[in-house]
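The next block holds one structure in the form of structure tokens; read it before the comments.
The values are calculated or read from the model by the stated rules, or taken from the named source; none is laboratory data. Since the structure is predicted, the reported quantities are computational estimates derived from the model, not experimental observations. With ideal geometry, Cβ positions are generated from the backbone for all residues, glycine too; neighbour counts draw on all protein chains shown. Please note that ligands, DNA and RNA were not included when accessible areas were found on the heavy atoms of the full protein model with its side chains. Shrake-Rupley method; radii C 1.70, N 1.55, O 1.52, S 1.80 Å.
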Amino acid sequence: MSTAEPVAEFAALYGSGPEGVWAAPGRVNLIGEYTDFNDGFVMPFALPHTARVAVARRTDGLLRLHSGDIEAGVTEVRVADLAPRPGGGWWTYPAGVVWALLEAGHEEVAGGADVHLRSTVPTGAGLSSSAAMEVSVGLALVDLHGLPVSRPELALLCQRAENRFVGVPTGIMDQTASACCEAGHALHLDTRDLTRRQVPFDLAAQGLELLVVDTRVQHALGDGAYAERREGCEEGARQLGVSRLRDVPYDELDAHLGKLGDERVRRYVRHVVTDNHRVERAVACLDAGDPHGLGEILAEGHASLRDDLRVSCPELDLVVSAAAEAGALGARMTGGGFGGSAVVLTETAAAPAVTEALTSAFAAAGHAAPGIFPAAPSRGAHRVH
């Protein structure tokens, strides 16, 4: 998508050009799933796929929103009338960001704005298309109004928009990845204190490639399954007498599991504690210059998501098994699950054969062809025009 495209579309919609264009990426989470709302560790990196937003400020209090990716007209709402709208549709994501900025005391946005969005981040694929939309709009408003909002603060505001305005109880990982990632790096994020470390992540130099496999199975985090896992994790923390599952030491896991009588809660606790440990192992692999070691970590992570958290699906399991049979080093589902995408670590030379094996396996199982592309760690949100 060229910068000229959203600019021209904006002018056609609103009768004049935008004040600028901003982009924010989707993300792939390398390891650390369902750990962020447990104050744990995650390790995402930004995709080259972005949501791009053309924006111009208004002074009459009207917010006009349009997406070039959805067959719908312009949505108009008065900023003064913004209130949480769970299940209200795509427009609630950017509108929620305006609401969150107002709630935080940034009255500058009360004048409204004209907004036009275009995105190359696949929707429903577990690649954070919603966070990319939120962060792109948020960064545009912060820049245009000169607001004293840092990137981590912007991520928190966008998370608040999704949690409170849209009604989806996501953790902080997606928005932080979109706002803060750097090209050529994975982001080691401690979701308790939001400390961040950019970990060099250059697979190509080691003859490796990470493939993203979009199963084309749509998922929706607002359907209750995500919230149920979150509630189960919180119940586990209550029963163990800790603030969050982050506080359960990995080397004491078995003793803690023995205190839990509910088999469902026990499984959820085991996944979170072991996945936090897998993030630490992954960082150690990259620090040691041994990205090959990520393969085993990915495979273990998928087994935990499949068997303990139970958020996989047949298509995701097929990616993992078919990739392994084709010689990949490891694979796992990424994102919220119940569809969406998987990541596959493979030798670069073997990537074409792995891709062919995955396509053939899906065809043999009667599934729609998956979308497969190499994932290069890319830059976070930025102004492009």
Open item on the list: Here are the criteria: (1) modelled with pLDDT under 95; (2) assigned to a strand (DSSP E or B); (3) of a type outside the set (D, E, K, R). Tell me which single one residue 45 does not satisfy.
Closed with: (1)
- [ ] Scan the range 70-83 residue by residue and report those that are loosely packed, with under 15 Cβ neighbours inside 10 Å and either free of Cβ contacts under 8 Å to residues at least 60 places away in the same chain or farther than 20 Å from residue 119 by Cα (or both).
- [x] 70, 71, 72, 73, 76, 78, 80, 81, 83
Task: Options 363, 369: the member that is free of Cβ contacts under 8 Å to residues at least 12 places away in the same chain, farther than 30 Å from residue 7 by Cβ and open to solvent by 10 Å² or more (accessible area, probe 1.4 Å) - done: 363
- [ ] Go through 150, 128 for me and flag whichever is at negative phi and among the hydroxyl-bearing types (Ser, Thr, Tyr).
- [x] 150
Open item on the list: I'd like to check something: does the range 149-167 contain any residue that is closer than 28 Å to residue 332 by Cα, in contact with a helix residue (DSSP H, G or I) (Cβ under 7 Å, 6 or more places away or on another chain), among the polar types (S, T, N, Q) and free of Cβ contacts under 8 Å to residues at least 60 places away in the same chain?
Closed with: yes
Task: Residues of the range 121-137 classified as out of contact with any helix residue (DSSP H, G or I) (no Cβ under 7 Å at 6 or more places or on another chain) and at pLDDT below 90, total - done: 4
TODO: Filter the range 219-230 down to residues that are exposed (fewer than 14 other Cβ atoms within 10 Å of the Cβ) and either in a helix (DSSP H, G or I) or touching a Lys or Arg at 6+ places or on another chain (Cβ under 7 Å) (or both) and give me whichever is modelled with the lowest pLDDT.
DONE: 223
Open item on the list: Quick check on this structure: which one of 337, 327, 295, 301 is in contact (Cβ under 8 Å) with a residue 40 or more places away in the chain and part of a loop (DSSP other than H, G, I, E, B)?
Closed with: 337
Open item on the list: Of the residues 336, 330, 289, only one is of a type outside the set (A, V, I, L, M) and at pLDDT 95 or above; which?
Closed with: 330
TODO: Specify which of the listed residues (199, 213, 242) is open to solvent by less than 10 Å² (accessible area, probe 1.4 Å), out of contact with any His (no Cβ under 6 Å at 6 or more places or on another chain) and at pLDDT 95 or above.
DONE: 213
Open item on the list: Please verify whether residue 116 is open to solvent by 10 Å² or more (accessible area, probe 1.4 Å), touching a strand residue (DSSP E or B) at 6+ places or on another chain (Cβ under 8 Å) and under 29 Å from residue 372 (Cα atoms), treating the condition exactly as stated.
Closed with: no
TODO: Would you confirm whether any residue within the range 143-153 is farther than 20 Å from residue 85 by Cα, in contact with a strand residue (DSSP E or B) (Cβ under 7 Å, 6 or more places away or on another chain), of a type outside the set (Gly, Ala, Ser) and surrounded by fewer than 24 Cβ atoms within 10 Å (Cβ to Cβ)?
DONE: yes
